[in-house]
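Taking it in order: structure first as C-alpha cells, then the write-up.
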Amino acid sequence: MTDLPHDTQPTSPWAGWRLVAGTRALLVVGALAVGALFFGEVLLGGGVYYPGDAARLYLAQRSVLKSTLAAGRLPWWTPDLGAGYPLLAEGEVGALYPLNWITVGLFALATGLNASIVIHYAVTACGAFLFLRSLQVRRGPALFGALTLSLGGFYIAHLSHLSILHVAAWFPWLLLLTEGILRPDARGWPLRIRWAGLALVVALQFLAGHAQISLLCLLFVGAYALYLIAVERRTRGRWELWAAWCGALLVGTALAGPQLWASAQLTALSQRGGGLSGEFFTSYSFHPFLLATLVAPFLRGNPYPNGSVELMQYVGILPLALAGVGLLYSRQRAKWFFLAMALVGLVLSFGRWNPLYAYLERVPLLNLFRVPGRYFLWTDLGIVVLATLGLAHLLRDGPPRADTWVHWGLAGAAGTGALLTIVLAHSLQAEPDRLVAVWSWLPFLLMVLSVATVFLLRAWHQRPALALALLLLVADLYAYGAVLDGTFNATWPAETVTAEPLSVGFLRERQGLERLLTKEEILPDLGVQREALYPSMAMGYGLPSANIYMPVVPRTYQDYLAGLSPQRLNRLNVGYYLIPQLLPVDEASELYDVYNPFAALPTDEWLEVEPLPVARLVVESYLSHSADLPDGILAAEVMVRDVAGNEYALPLKVGLHTAEWAYERSDVRESIAHQRAPVASEWPARSGFPAEEHPGYTYRATYALPEGTWVKAVMLRRQRPEAYVRIERVRFVDGAGRETLLAHLVGLGDHEIVYRSEDVLIYRNCDVWPRAHLVGPEQAVMRNGQVRLADGLTAAELGAVTVDSYAPERVLLRVDAEQAGYVVLADQAYPGWRASVDGLPVPVLLADGLFRAVQVPAGAHTVAFWYRPLHR
C-alpha cells in the first residue's frame with residue numbers, strides 16, 4: 001500500500017523519490033528529537049539511571065560481568081553472593097547476551113547501563129515500527145504505534161528492570177519475523193534470511209535473561225502463528241513455511257541451550273522448584289479498579305514509594321481512543337486476534353481477583369512465576385495494534401479534506417496544549433508531587449485534545465493532522481514518564497554513582513575472605529543502601545555478602561538463612577554485620593540503628609548461667625543522646641546473683657563508668673556535661689548535622705566481687721531507655737584472669753562496633769569461623785551421607801587450613817592434619833563443583849546441609865575445588 005494519499009501522488013519518479021526520502025528523513029529527525037526529549041538526561045546531561053533494581057541488582061551484576069569478560073571468562077560462579085552463587089545460571093545478568101558484551105565492554109560501567117537501556121528502547125521502537133508496517137499500514141501510523149509501545153505502558157514502567165526490558169524489546173521482532181515467514185507472498189528478504197533472523201531473535205530473547213517475559217512473548221507469538229495458519233490460512237498448501245517457523249524456534253532455543261540448561265538446573269534447586277505459594281504467586285495483581293489508571297494514571301496520588309511499576313500500565317489517552325476507532329472501523333481481520341489477546345492479558349493480569357487464575361498454579365512453567373500484572377504486556381501490544389489500525393483508518397485515502405479557519409484554529413489550540421503539556425512536565429520533573437497534582441486535571445485536557453485530534457484526523461489534511469497526533473502522543477507520554485523519571489526511574493549524577501561508598505574502603509582494608517551481612521528489615525533511602533551495602537550491591541565492589549537479592553535462590557541456602565543463629569552466622573564465615581541508620585533519630589529508630597540480634601544482651605530479665613567463679617566483672621557500654629547528663633547519674637545497673645542467693649547491684653554511672661559515644665564530635669564537646677569514662681575501644685565514626693568525622697568510643701567499667709563469689713544469674717537493669725544506654729559486653733573474670741563472656745553463656749555472639757557513620761553501623765564478629773577449616777572425627781560425623789558438625793564448636797577448636805588461592809571457579813587449600821578428618825569450605829555445595837586431594841578426584845561432601853567438604857587422611861595434603869557447570 002502506498003504511503004501517500006491519491007491527491008498528492010508525485011508526477012515524476014524523481015519527485016517521488018525526493019518525497020519519500022524527505023519523509024524518511026523527517027521520521028528519523030523526529031525519532032531522534034523524541035529520543036533526546038525522553039532520554040536527554042542520560043544522553044546529554046550526565047545522569048545515570050539508578051533507581052530500584054538498577055542500583056541493587058543490575059549494576060552489581062554488570063560490574064561482575066565486566067570484570068570477568070575483561071579476564072577472558074564468564075561469570076559461571078561468584079563467591080560474593082550468599083555462600084557462593086551460580087550467577088550465569090540465574091540469567092538476569094545476561095552473561096551470554098551479545099548486546100551486554102558490547103555495552104559493558106565498550107563503555108564505563110554507569111555509561112554502559114544507560115546505553116543498554118536506551119538501545120533497547122530503540123530496538124523496541126524499530127521492531128514495533130517494522131511489525132506494524134508488515135500489517136500494511138503506513139509509516140505515520142506505524143511510527144505512532146511504535147512510540148506508544150516503546151514509551152508508554154509496560155515498557156517505560158519497567159525501565160529499571162533491565163532483564164525484562166531486554167527480553168521485551170525483542171517481542172515485536174518475534175512477531176515481525178513470524179509474519180514474514182508465514183506469509184507466502186512476503187517480499188523483501190529471502191525466506192532463509194527471515195528464518196535465520198527468527199532463530200537469532202529467539203536465542204537473543206532467551207539469552208537476555210528473564211524467563212517469564214520470554215515465556216509470555218513466545219506464548220503470544222505462538223498464538224499469533226496459529227491465528228495466521230488457522231484463520232488467515234497463510235500457509236495453506238505451504239507446510240514448509242510452518243515447518244520453517246517451528247524449526248527456527250527450535251534452533252533459536254538450541255543456540256541458547258547453555259543458558260537455558262543452567263537456569264533450569266538452578267530453578268529446580270531453588271525455592272521455585274515446586275511452584276510458588278498462592279500468595280506469592282499472585283503478588284502484584286492488577287486490581288480491576290486500577291483500570292481507571294489507564295485514563296488517570298495517578299488517580300491514587302504519587303505512586304512512589306508505596307506503589308509499584310508492576311501495576312503502572314498507562315499507554316496514553318489518544319491511543320485508547322484510536323484503539324476504539326480501530327476496533328469499530330478497521331477492516332483488518334487481525335484486529336480480532338489482537339483484541340482477544342489484549343483481553344486475555346487483562347483478565348490474567350487481575351491475578352488474585354480472577355478466580356480462574358488459581359488454576360495456573362497447576363500449569364508447569366507458568367506456576368514458577370509471580371506478578372500477574374506482567375500479562376499486561378499482551379494487553380499493551382493489543383492496544384497498540386488496534387490504535388495503529390484506527391489511525392490508519394482515519395488517514396485512509398479519500399477525497400481532499402476540508403481546510404477552514406475552524407480546522408486551523410482547532411489544530412493550533414490542540415498543538416499549543418500539547419506543547420504546554422511538554423513544557424509543564426519538563427519544568428516540574430524534579431518535583432514529582434507537584435506534577436502528580438497536575439495530573440489530577442491533566443487527563444481532562446488530554447481527553448479534549450484527543451477528541452479534537454481524532455476529528456482533525458478524519459476531517460482535515462492528513463499530514464498536519466498526523467503531526468498533531470504524534471505531538472499529542474509525545475506530550476501525553478512525556479508528562480506520564482516525567483513522573484516516573486522523578487520517582488521510580490530517577491537518575492543520579494554519574495560521579496555519585498561511580499564514587500565508592502566510604503564503608504567499602506573501610507571493609508576492603510580489613511575484610512579478607514570474611515563475608516558481611518546487612519540487616520534488611522527496612523528499605524531505606526538509596527544513599528543509605530549504598531553505604532550499608534544492601535544486596536546485591538556489595539558484589540559490585542568485590543565484597544562477599546551473605547545476603548542474596550535474586551529472583552531465584554537455592555533452597556538449601558534459603559533454609560540455612562531461615563534458621564540463622566549466632567552459631568550459624570559464625571559457620572557461614574560472616575565477619576561483619578551492617579545496620580543501616582535511620583534519620584531523623586528518635587528513640588525507636590535509634591534502637592533499630594544499634595540493635596544487633598546476634599549479640600544484643602537482653603535487658604530487665606534475669607539471665608541464668610551455669611555457676612562460675614567470678615572475681616571481677618567488666619562491662620563495656622556507651623550512651624547516646626545523653627550529652628547533657630552530669631557526672632554520677634545512674635544510667636543502668638548490672639545485677640548479679642550468686643549461688644547463695646545474694647544479689648549485688650553494680651551501678652553504671654555517667655562519667656565514671658560510661659559516657660556519650662560521640663564524645664569528641666564538635667557539637668557534643670560544646671555541650672557535654674560529664675567527663676569521659678575509661679575507654680574500652682575506639683573506632684572511626686562520622687555523624688552529626690552536617691556530618692563530621694570523629695572517633696567513636698565504648699567505655700569500660702570494672703567491678704570487684706566478694707572473694708569466692710559464684711555467679712548463677714545476671715540482669716541488666718535499665719534506668720534510661722534501651723536505645724540510649726547500650727551494654728555491649730559483660731565479661732566474667734576469675735581469680736586466674738580467665739575471661740568468660742556473658743553473651744557466650746546465653747547463646748549469643750561476641751560482636752564489637754568497629755565503624756559508624758550517618759548511614760551505617762558495622763559490627764565485627766569476633767567469633768567468626770575461617771572460610772576453610774579442618775574438623776576431626778570427634779568434631780564431626782557422617783550421617784545420611786552428610787558431614788554433621790558437633791554443636792558448641794568454636795573457632796579456636798578448628799584445625800588450620802591455608803587458602804593458597806581463591807578464585808570464583810577454583811579454590812586451592814593446604815592442610816596438615818594430625819589425624820583423619822574433614823576439610824570444610826564454607827561455600828555452597830552446588831552441582832558442578834568437583835574436588836581432589838593431592839590431585840586424586842574425591843567426592844564433594846555436604847557439610848551442615850550447605851557447605852562443601854572432603855575427607856582427608858592424616859598428613860599434609862593439597863585440596864582443590866573447581867567448578868565444571870556443564871559436565872556431569
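Quick check, is S308 touching a Pro at 6+ places or on another chain (Cβ under 7 Å) and closer than 24 Å to G52 by Cα?
Working: touching a Pro at 6+ places or on another chain (Cβ under 7 Å): no; closer than 24 Å to G52 by Cα: yes.
No, not satisfied.
Are there any strands (runs of 3 or more DSSP E) wholly within region 773-857 with 2 or more residues that are touching a residue at least 60 places away in the same chain (Cβ under 8 Å) and under 34 Å from the mean Cα position of the chain (by Cα), and if so which?
Numbers: elements: 780-783, 786-789, 801-807, 810-817, 821-828, 833-837, 840-842, 845-847, 851-856.
Strands (runs of 3 or more DSSP E) meeting the threshold: 801-807, 821-828, 845-847, 851-856.
Would you point out which residue out of L513, L523, L517 is assigned to a loop (DSSP other than H, G, I, E, B), closer than 29 Å to L825 by Cα and not β-branched (V, I, T)? So that I can check it myself, show each step before the final result.
Values: L523 fails: closer than 29 Å to L825 by Cα; L517 fails: assigned to a loop (DSSP other than H, G, I, E, B).
So the residue among L513, L523, L517 that is assigned to a loop (DSSP other than H, G, I, E, B), closer than 29 Å to L825 by Cα and not β-branched (V, I, T) is L513.
Here is a yes/no grid of residues against (1) in contact with a strand residue (DSSP E or B) (Cβ under 8 Å, 6 or more places away or on another chain); (2) at pLDDT 90 or above; (3) over 14 Å from P51 (Cβ atoms):
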site: G481; (1), (2), (3): no, yes, no
site: G486; (1), (2), (3): no, yes, no
site: T491; (1), (2), (3): yes, yes, no
site: A499; (1), (2), (3): no, yes, yes
site: R508; (1), (2), (3): no, yes, yes
site: Q511; (1), (2), (3): yes, no, yes
site: L517; (1), (2), (3): yes, yes, yes
site: V528; (1), (2), (3): yes, yes, yes
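Looking at region 532-553, which of the residues that are more than 17 Å from the chain's Cα centre (by Cα) and of a type outside the set (G, A, S) is surrounded by the most Cβ atoms within 10 Å (Cβ to Cβ)? Please lay out each step first, then the result.
Let us first name the residues in region 532-553 that are more than 17 Å from the chain's Cα centre (by Cα), namely 542-544.
Subset that is of a type outside the set (G, A, S): 543-544.
On the way: L543: 19, P544: 24.
Top of the filtered list is P544.
Take region 260-310 and flag every residue that is crowded, with 16+ Cβ neighbours inside 10 Å and of a type in the set (F, W, Y).
F281, Y284, F286, F298, Y304
Can you tell me which residues in region 738-791 are modelled with pLDDT of 95 or more and of a type in the set (V, I, T)?
Selection gives T740, V746, I753, V754, V760, I762, V768, V775.
Does S671 satisfy the criteria of being surrounded by fewer than 19 Cβ atoms within 10 Å (Cβ to Cβ), hydroxyl-bearing (S, T, Y) and modelled with pLDDT of 95 or more?
On the way: surrounded by fewer than 19 Cβ atoms within 10 Å (Cβ to Cβ): yes; hydroxyl-bearing (S, T, Y): yes; modelled with pLDDT of 95 or more: no.
In short, no.
Assess whether R236 counts as being touching a helix residue (DSSP H, G or I) at 6+ places or on another chain (Cβ under 9 Å), within 30 Å of W173 (Cβ to Cβ) and either part of a loop (DSSP other than H, G, I, E, B) or at pLDDT 90 or above (or both). I'd like the intermediate steps shown before the answer.
Details: touching a helix residue (DSSP H, G or I) at 6+ places or on another chain (Cβ under 9 Å): yes; within 30 Å of W173 (Cβ to Cβ): yes; either part of a loop (DSSP other than H, G, I, E, B) or at pLDDT 90 or above (or both): yes.
So R236 fits the description; yes.
Among the residues of region 690-704, which ones are in contact (Cβ under 8 Å) with a residue 12 or more places away in the chain and either open to solvent by 40 Å² or more (accessible area, probe 1.4 Å) or touching a strand residue (DSSP E or B) at 6+ places or on another chain (Cβ under 6 Å) (or both)? Working first, answer last.
Keep residues of region 690-704 that are in contact (Cβ under 8 Å) with a residue 12 or more places away in the chain, which gives 691-692, 694-704.
Matches in region 690-704: E692, H694, P695, G696, Y697, T698, Y699, R700, A701, T702, Y703, A704.
Could you figure out which of (1) on the phi > 0 side of the Ramachandran plot; (2) at pLDDT below 90 isn't true of G542?
G542 satisfies every listed condition except (2).
Would you confirm, using the coordinates I've provided, whether S283 is under 22 Å from the mean Cα position of the chain (by Cα) and farther than 30 Å from G152 by Cβ?
On the way: under 22 Å from the mean Cα position of the chain (by Cα): yes; farther than 30 Å from G152 by Cβ: no.
The answer is no for S283.
I'd like the residue in region 129-157 that is within 27 Å of the chain's Cα centre (by Cα) and among the hydrophobic types (A, V, I, L, M, F, W, C) and, out of all such residues, is surrounded by the most Cβ atoms within 10 Å (Cβ to Cβ).
Initially, region 129-157 is screened for residues within 27 Å of the chain's Cα centre (by Cα), giving 147-157.
If we keep only those that are among the hydrophobic types (A, V, I, L, M, F, W, C) as well, we get 147, 149, 151, 154, 156-157.
Values: L147: 24, L149: 32, L151: 26, F154: 28, I156: 24, A157: 28.
Here the residue is L149.
Could you grab me the full set of residues in region 500-518 that are open to solvent by 10 Å² or more (accessible area, probe 1.4 Å) and within 15 Å of L761 (Cβ to Cβ)?
L502, F506, L517, listed by residue number.
Every residue in region 747-772 that is of a type outside the set (V, I, T), in a strand (DSSP E or B) and under 30 Å from K712 (Cα atoms), please. Even if it seems obvious, please write down each step before you answer.
So in region 747-772, the residues of a type outside the set (V, I, T) come out as 747-752, 755-759, 761, 763-767, 769-772.
Next, from what is left, pick out any that are in a strand (DSSP E or B): 751-752, 755-756, 761, 763-765, 772.
The answer is H751, E752, Y763, R764, N765.
Is one or more of the residues making up region 379-390 touching a residue at least 12 places away in the same chain (Cβ under 8 Å), part of a loop (DSSP other than H, G, I, E, B) and under 30 Å from Y224 (Cβ atoms)?
Checked against the condition, which is being touching a residue at least 12 places away in the same chain (Cβ under 8 Å), part of a loop (DSSP other than H, G, I, E, B) and under 30 Å from Y224 (Cβ atoms), region 379-390 yields no hits at all.
Give the number of residues within region 308-360 that are of a type in the set (G, A, S), part of a helix (DSSP H, G or I), over 21 Å from Y480 (Cβ atoms) and in contact (Cβ under 8 Å) with a residue 60 or more places away in the chain. Walk me through how you get there before you give the answer.
Narrowing region 308-360 to residues of a type in the set (G, A, S): 308, 316, 321, 323-324, 326, 330, 334, 340, 342, 345, 349, 351, 358.
Next, from what is left, pick out any that are part of a helix (DSSP H, G or I): 321, 323-324, 326, 334, 340, 342, 345, 349, 351, 358.
If we keep only those that are over 21 Å from Y480 (Cβ atoms) too, we end up with 326, 334, 340, 351, 358.
Next, only the ones that are in contact (Cβ under 8 Å) with a residue 60 or more places away in the chain stay: 326, 334, 351, 358.
Residues flagged as of a type in the set (G, A, S), part of a helix (DSSP H, G or I), over 21 Å from Y480 (Cβ atoms) and in contact (Cβ under 8 Å) with a residue 60 or more places away in the chain within region 308-360 amount to 4.
When only residues in region 444-461 that are touching a Leu at 6+ places or on another chain (Cβ under 9 Å) and open to solvent by less than 30 Å² (accessible area, probe 1.4 Å) count, which is farthest from A411 (Cα to Cα)?
Checked region 444-461; the qualifying residue farthest from A411 (Cα to Cα) is L446.
With the checklist (1) open to solvent by less than 20 Å² (accessible area, probe 1.4 Å); (2) over 29 Å from R852 (Cα atoms) in hand, flag the one item V775 doesn't pass.
Here V775 clears every test but (2).
Count, please, the residues in region 726-760 that happen to be among the small types (G, A, S), in contact with a helix residue (DSSP H, G or I) (Cβ under 9 Å, 6 or more places away or on another chain) and surrounded by fewer than 21 Cβ atoms within 10 Å (Cβ to Cβ). Reasoning before the result, please.
To start, the set of residues in region 726-760 that are among the small types (G, A, S) comprises 735-737, 743, 747, 749, 757.
Next cut, in contact with a helix residue (DSSP H, G or I) (Cβ under 9 Å, 6 or more places away or on another chain) only: 743, 747, 749, 757.
Subsequent filtering for residues that are surrounded by fewer than 21 Cβ atoms within 10 Å (Cβ to Cβ) retains 747.
Counting residues in region 726-760 that are among the small types (G, A, S), in contact with a helix residue (DSSP H, G or I) (Cβ under 9 Å, 6 or more places away or on another chain) and surrounded by fewer than 21 Cβ atoms within 10 Å (Cβ to Cβ) gives 1.
Of all residues in region 242-276 being part of a loop (DSSP other than H, G, I, E, B) and touching a residue at least 24 places away in the same chain (Cβ under 8 Å), which is nearest to P190 (Cα to Cα)? Spell out the reasoning first.
As a first pass, look at region 242-276 and keep what is part of a loop (DSSP other than H, G, I, E, B): 256, 269, 271-276.
Filter once more, so that each one left must be touching a residue at least 24 places away in the same chain (Cβ under 8 Å): 256, 269, 271-273, 275-276.
Details: A256: 24, L269: 44, Q271: 46, R272: 43, G273: 43, G275: 43, L276: 45 Å.
Top of the filtered list is A256.
Please go through region 277-307 and give me each residue that is in contact (Cβ under 8 Å) with a residue 40 or more places away in the chain and of a type in the set (S, T, N, Q), ordered by number.
Scanning region 277-307 gives T282, S283, S285, N302.
For region 628-660, which positions are open to solvent by less than 20 Å² (accessible area, probe 1.4 Å) and not β-branched (V, I, T)? Talk me through it step by step, then tell me what you get.
Applying the first criterion (open to solvent by less than 20 Å² (accessible area, probe 1.4 Å)) to region 628-660 yields 635-636, 638-640, 642, 650, 652, 654-655, 658-660.
Matches in region 628-660: A635, A636, M639, D642, L650, L652, G655, A659, E660.
State all residues of region 67-97 that are closer than 15 Å to S163 by Cβ and either open to solvent by 10 Å² or more (accessible area, probe 1.4 Å) or not in a loop (DSSP other than H, G, I, E, B) (or both); if no residue qualifies, say none. It would help to see each step written out before you state the result.
So in region 67-97, the residues closer than 15 Å to S163 by Cβ come out as 75, 87-97.
The answer is L87, L88, A89, E90, E92, L96.
Say whether the condition of being touching an Asp or Glu at 6+ places or on another chain (Cβ under 9 Å) and either under 22 Å from I317 (Cβ atoms) or not acidic (D, E) (or both) is met by at least one residue in region 113-134.
Of the residues in region 113-134, the ones touching an Asp or Glu at 6+ places or on another chain (Cβ under 9 Å) are 131, 134.
Checking which are either under 22 Å from I317 (Cβ atoms) or not acidic (D, E) (or both) leaves us with 131, 134.
Yes, that holds for at least one residue.
Find all pairs meeting these conditions: Cβ atoms under 8 angstrom apart; at least six residues apart or on different chains; first residue within region 561-585 and closer than 22 Å to G512 by Cβ and part of a loop (DSSP other than H, G, I, E, B); second residue of a type in the set (V, I, T) and open to solvent by 10 Å² or more (accessible area, probe 1.4 Å).
N573/V768
Hey, any hits in region 191-205 for a residue that's under 26 Å from S116 (Cβ atoms), open to solvent by 10 Å² or more (accessible area, probe 1.4 Å) and over 33 Å from the mean Cα position of the chain (by Cα)?
yes
Consider L215 carefully, then state whether it is under 22 Å from R352 (Cα atoms) and either in contact with a Phe, Trp or Tyr (Cβ under 6 Å, 6 or more places away or on another chain) or open to solvent by less than 50 Å² (accessible area, probe 1.4 Å) (or both).
It is true that L215 is under 22 Å from R352 (Cα atoms) and either in contact with a Phe, Trp or Tyr (Cβ under 6 Å, 6 or more places away or on another chain) or open to solvent by less than 50 Å² (accessible area, probe 1.4 Å) (or both).
The values are calculated or read from the model by the stated rules, or taken from the named source; none is laboratory data. Note that the structure is a prediction, hence the values are computed from the model and not measured. Don't worry about glycine lacking a Cβ; one is built from the backbone with ideal geometry, like all the others, and counts go over all protein chains shown. Accessible surface is based on the protein model in full, side chains and every heavy atom, while ligands, DNA and RNA are left aside. Shrake-Rupley method; radii C 1.70, N 1.55, O 1.52, S 1.80 Å.
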